[in-house]
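Below is one structure, written out as structure tokens; the observations come after it.
Each reported figure results from applying straightforward, stated rules to the coordinates on display, with no laboratory input. Keep in mind the model is a prediction, meaning the values are calculated, not measured. Every residue, glycine among them, receives a Cβ derived from its backbone with ideal geometry; neighbour counts consider all protein chains shown.
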Amino acid sequence: MQNRLLQNRALLLLLLAPSAVATALIALVPVLLLVRMSLSEVSRFGRIGAYVGWENFARLAEDPLLPAILLRTGIWTGSVVAGTMLIALPTALILNERFLGRGLAQFLVLAPWAISVASMAVVWRHALTDEGGLLNRLAVAAGLLDRPIPWLGSVPLSFGFEILIAILVSVPFSTVILLAGLSSIPADIYDAARLDGARAVDRLKFLTLPLLRPFIWIVLIFNIAYVTNSFPIIWILTQGGPANGTDILVTYLYKLAFTFGRLDEAAALSILLLCGLAALTVLMLRTLEHPAHA
Amino acid sequence: MLRRSLLYWGALLPLLALNLFPFAVAIDTIYRAKSGDMSAFWAGMWVRTELGISLVNSLVIALATAIASTLVALPAAYALSRFRFRGRQAISETLLGTQMLTPIMLVLGLSQMVSGMGLTDTRAALVLLYSAFQVPFAVWMLRGYIDAIPIELEEAALLDGASRRQILGSIILPLSVPALLVTATFAFITAFNEFVLALTLLRSSSNFTLPLRVNALTAGRYAVDWPDVMGAVLIASLPVLIMFVGLQRYMLRGLRLSLGAT
């Protein structure tokens, strides 16, 4: 009977086929198209021309802007992921406790998830550029500023705010995953630890965090993938400017393709990003398979 | 309890303030500029921003994505949960890997593909791509749920002479309804708020989704009517906020089940 229920090849293929087609639609066809574009000459209207070999990659390698953008992407990803983790972990630990109004607190923690990142960026852009706006009035009233300032005036300040907004956008998802992890830890091991006289700090350090480790890894890896590729915040706040001062790889990729019309070089850059992602994915699968060594 | 609650709320306060800040800015912007008849402002904003058509576009696209991605994913989730076969591990890993693909890094290839299909500037193109991007996540979510349905139920039905189709239709499907709803909710939210693909693939204003409309109201304009923009942002956030109020408990539980099964 086990056989009849679990082994029926034709049925198996039928069940898997729709998802396989969908996956091919995003993971196979576009990648093959990108490979072809990256090795060809592509007009600014997307017409694929002659095969040019590695020329597009060579031109990318000579792009004087790229080293700074690469470095900035690293800073961007590192600070957003670290900031997200530093906020999401304590937030999840708190939301896992029982206290008055926890449902409301959880809703407010998740609230940014409800707004599209694009809208969020538009509102922040206004908040940071409007001299009579709420942020400036609050800052003046609190004595932090003598008079209103345009917050997006300088590159470091703009980039700093973009990092802050990206952290705020990433915290809800990360908190939810960690919260799911926390609630999968059985309560009785805490009771046992308490009976053995373990203090709260020790329970956190020796029970909660080790048991949470696979979930922390999931959050880290997905955040690295998503943050490296997060586009709307920088695009809407500064379009990567002024003078490419806030560009990261994906905003520069978009600019190359749709502002400068250098589609072939943009395709080459996409391929490089995909290779980076593939490496990250392999790392992720290794980690999830051997969580003990993580 | 009271002291502890105050302590926790105090610790969460900075984050909550930052989360609420955009809403405060939106409301402040509207009320600073428009005093007097607020209903006239909302009605005027609705017309000036052409918000209605974008709201319909977003709702239709998100709903179609939610339904399509969930229905496509369910059979695969069942197969991965119940069948033991060679390549099962490889398929699971491929799915997990594709979950990390983001639209932006594929955007050039995707727009080539869409124009090859003759679907540029259509809402159908977005439904197709959003659904496909959502499938790996949906399979993973649903699989966690189906793993939790005891297989003995199916074996008993089989002994009673039920066919495979009857088992799927009268055991698996009804028991998966909560899972299907949760999975569809996640797909809906993602599609409702997506930006990059919509920005790249849509041209005509009559096809714009809400995020695209909000962006179009501000990008590349000399004079931006900020109260209108903020009104549009608030309206655009309402559908998902309302879903959160009703569904956040189920969404969290769904994630928990699926994460537990990984």
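Some points to look at:
- Peptide A:250-257 has a mean shielding of 3, counted as Cβ atoms of other protein chains within 10 Å of each residue's Cβ.
- Listed peptides B:53-62, A:96-105 by packing density, highest first (mean Cβ within 10 Å): B:53-62, A:96-105
- Among the chymotrypsin sites (Phe, Trp or Tyr not before Pro) in segment A:237-294, those located in a DSSP loop and surrounded by at most 14 other Cβ atoms within 10 Å of their own Cβ are A:260.
- The smallest convex shape that holds all Cα atoms of the protein assembly as shown, its convex hull, gives 184 Å³ per residue.
- Three-way shape call for segment A:144-275 based on the alpha-carbon gyration tensor, with the a/c threshold at 1.5: oblate
- Based on Cα atoms of segment A:66-246, Rg over Rh with Rh as the Kirkwood radius reads 1.06.
- Helix-only mean residue ellipticity at 222 nm for chain B, each DSSP H run of n ≥ 4 adding -39500 (n - 2.57), per residue, nearest 500: -27000 deg cm²/dmol
- Relative to one another, the C-alpha centroids of segment B:71-141 and segment B:146-220 are positioned 12 Å apart.
- Here is what passes the span test in chain B: the DSSP H helices with alpha carbon length of 18 Å or more along the helix axis and a Kyte-Doolittle mean of -1.0 or above are B:2-33, B:51-82, B:103-116, B:123-147, B:173-193, B:226-261.
- Chain A: DSSP helices with Cα axial extent of at least 15 Å and average Kyte-Doolittle hydropathy no lower than 0.0: A:9-27, A:66-95, A:117-129, A:155-183, A:209-228, A:263-289
- For B:130-139, mean number of other protein chain Cβ atoms within 10 Å: 4
- Note on chain B: Cα-Cα pairs beyond 34 Å make up 34% of the total pair count.
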